[in-house]
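Trainee: Handing you a structure now.
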Amino acid sequence: APSAAPVVTLPDYTVFTGSVGVWSGQGRLQEEALHAKHLDYLRQAMSPLASQLPSWSKLDQLSKSNKVVLRDAFAKDSKRFDTYSRHFQGDRNKDISVLLDFSKNLIDEEIWATLLSLAKEAKVEEQRDAMFNGEQVNASEGRSVLHVALRDLDDDFKGKDKVEGVDEVIPELKHIRDFSEAVRNGQWTGYTGKPIKSIVNIGIGGSDLGPAMVCEALKPYAKRDLDAHFVSNIDGTHMAEALRVCDPESTVFIVASKTFTTQETITNATTARDWFLEHAKDKKHVAKHFVALSTNVKAATEFGIAKENMFKFWDWVGGRYSLWSAIGLSIAIVIGYERFEEMLRGANEMDRHYASTPLDQNIPVILGLINLYYNNFLGAQTHAILPYDQYMHRFADYFQQGDMESNGKFITKSGERVQYQTGPIIWGQAGTNGQHAFYQLIHQGTKLIPCDFLAPIETQNPIRGGEHHRILLSNYFAQPEALAFGKTEEQVREETTSKEDLDNSFLIKSKVFDGNKPTNSILFQKLTPGTLGALIAMYEHKIATEGFIWGINSFDQFGVELGKVLAKKILPLLSADAAKVDAEKHDGSTSGLIKHYLANANK
Ligand code: F6P
């Protein structure tokens, strides 16, 4: 119930001041420190469900009545590519060039205009501005969402400065620079005076996937005589295999954990420390070999990390948006601080584009709206990210967390259950490998799978005179074409010469491609640090845009908690006996499984 604190009346809604930021059952908010900007955001957050917006109903109708057939759409409109493509170029780093072609989507003028109206009605711009201004858009956790501040090196976004910790970003970057340079140039030595040959990043989720993905993507810039390992899984195999190839005298362990409480990371870090001490014997040597990246200085200190070896970040950096923070230390070590900063600046180019470009020219907004159309109106359940660049082979893995942990939510910010689909299932892998694995289903299966095709114009490895790259790109261009336009039965018949085959209708029909499968093509100049930064930021903002429209909080992740809590309860049972398992009263299936394990574990 609302507290007895003063009442602030807003148009349409009543907001009660009192205890901190909790929605009441009736869609009311109790809030302690109200100020104008925050109120604006909250007013917005209480706006109707997306499905109650006028453009939503219109899109619902249009999706049923306007059946866009890409063959016809292109035949009728020779300018379709011009209408539905946008070019992004960095204004400070002109080498960042990204072309988005979204013409092979099942949209027409009316659908596209209505999608843009939906973004307006859902107040995407206001919510975006609130994020950049440091408002507590992560309302369930009472936090700002300011990963954009981590790459705002020229202080473009002023509103953020009121948030605690933002003024520490630059000094912390200097710390990253000093440490990464010392490791790279051999000034930082191990306890016996050897230069560092291996780093092991110990983290999971955002504290692993970001640095791991980027270190792969930017391998051409890597210091090749330094091995970087990423250990995430609690499965001891992951750590055991890394330690097998590391020398304790020349290895630095980077314990990457925002909370410094994550079971996998703390267990893996403890194992690494034990292994290290078996060799080094003396605890004082830990300082040369263990650093921590965390918001939890206290827990890192308790673990034994020296104060000067702590790289901090802040609660307004979400785990899946943290590679730009201290969590990027392994990236700075692998590619060098200058390149790391170039990546931050590349992301900032996209941030400025997202923050200030009209919706219909705004690349992350366009990507968000297009995906939303399939997700909410055409029944697509998944979305494939298909980079035609081997260096980007972990890009889809990275955005699997980025998108699914952000938008896999069923509660809106006003506490109501959504009446529509939210985040899609994200998956994918590097082309052309996928073509020989799952593309069959995309082409001829029964499911609608919108895809993003990404590729660089210039390869980092122009071997055989660039022949490999031309072949790669010919596939990159061919697949969206095949998906969009398919092959009719008539065409199959025209191509078939054998009379026997022509009479075989099963064969003929099996060779038909319906086409009309939607794709975005994202063609960028070269996978440089700046371009990668821009591409990552592009997807981050695409995800945020969708979350804004769905009215969900894309920045918390309570859905990962229940399993963690249950695992903690189950762990002691794995060293107990069947009677104890029964006493704990898990469900029959879980008890049965644990008892089967106990009966067979120590045979
Ligand atoms: O999976 C939940 C999660 O909290 C992610 O959001 C995060 O990236 C990961 O765990 C790791 O968390 P931490 O960095 O706190 O160890």
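Trainee: Show me the helices (runs of 4 or more DSSP H) entirely contained within the stretch 444-553 in which 3 or more residues are touching a Ser or Thr at 6+ places or on another chain (Cβ under 8 Å) and open to solvent by less than 10 Å² (accessible area, probe 1.4 Å).
Mentor: It comes to 467-485, 529-550.
Trainee: Evaluate the following for ASP156: is it open to solvent by 60 Å² or more (accessible area, probe 1.4 Å) and touching a residue at least 12 places away in the same chain (Cβ under 8 Å)?
Mentor: no
Trainee: Does ALA599 satisfy being touching a residue at least 12 places away in the same chain (Cβ under 8 Å), open to solvent by 10 Å² or more (accessible area, probe 1.4 Å) and farther than 29 Å from GLN401 by Cβ?
Mentor: When the stated conditions are applied, ALA599 passes them.
Trainee: Can you tell me which residue is nearest to THR545 (Cα to Cα) among those in the stretch 412-431 that are of a type in the set (Val, Ile, Thr) and crowded, with 18+ Cβ neighbours inside 10 Å?
Mentor: Looking at residues that are of a type in the set (Val, Ile, Thr) and crowded, with 18+ Cβ neighbours inside 10 Å, I get THR422.
Trainee: Also, quick follow-up: Only one of (1) more than 11 Å from the ligand (Cβ to nearest atom); (2) in contact (Cβ under 8 Å) with a residue 60 or more places away in the chain; (3) not hydrophobic (A, V, I, L, M, F, W, C) is not met by THR265, so which one is it?
Mentor: (1)
Trainee: Within the stretch 279-296, count every residue that is in contact with a helix residue (DSSP H, G or I) (Cβ under 8 Å, 6 or more places away or on another chain), in contact (Cβ under 8 Å) with a residue 24 or more places away in the chain and either of a type in the set (Asp, Glu) or away from the ligand (no atom under 16 Å from the Cβ) (or both).
Mentor: Total meeting the criteria: 4.
Trainee: Count, please, the residues in the stretch 197-214 that happen to be open to solvent by 10 Å² or more (accessible area, probe 1.4 Å), assigned to a loop (DSSP other than H, G, I, E, B) and either closer than 26 Å to THR262 by Cα or of a type in the set (Val, Ile, Thr) (or both).
Mentor: Qualifying residue count for the region: 2.
Trainee: If I go through the stretch 308-324 residue by residue, how many of them are within 9 Å of the ligand (Cβ to nearest atom) and over 19 Å from the mean Cα position of the chain (by Cα)?
Mentor: Count: 0.
Trainee: Also: Right, TYR391: touching a Ser or Thr at 6+ places or on another chain (Cβ under 7 Å), within 23 Å of VAL200 (Cβ to Cβ) and more than 16 Å from the ligand (Cβ to nearest atom) or not?
Mentor: Here the answer is no, as TYR391 does not meet what is asked.
The values are calculated or read from the model by the stated rules, or taken from the named source; none is laboratory data. All figures in this text were calculated on a predicted structure; none of them were measured in a lab. Here the Cβ is made from the backbone with ideal geometry for all residues, glycine too, and neighbour counts use every protein chain on show. Side chains are part of the model used for accessible areas, which takes the heavy atoms of the whole protein and leaves out ligands, DNA and RNA. Shrake-Rupley method; radii C 1.70, N 1.55, O 1.52, S 1.80 Å.
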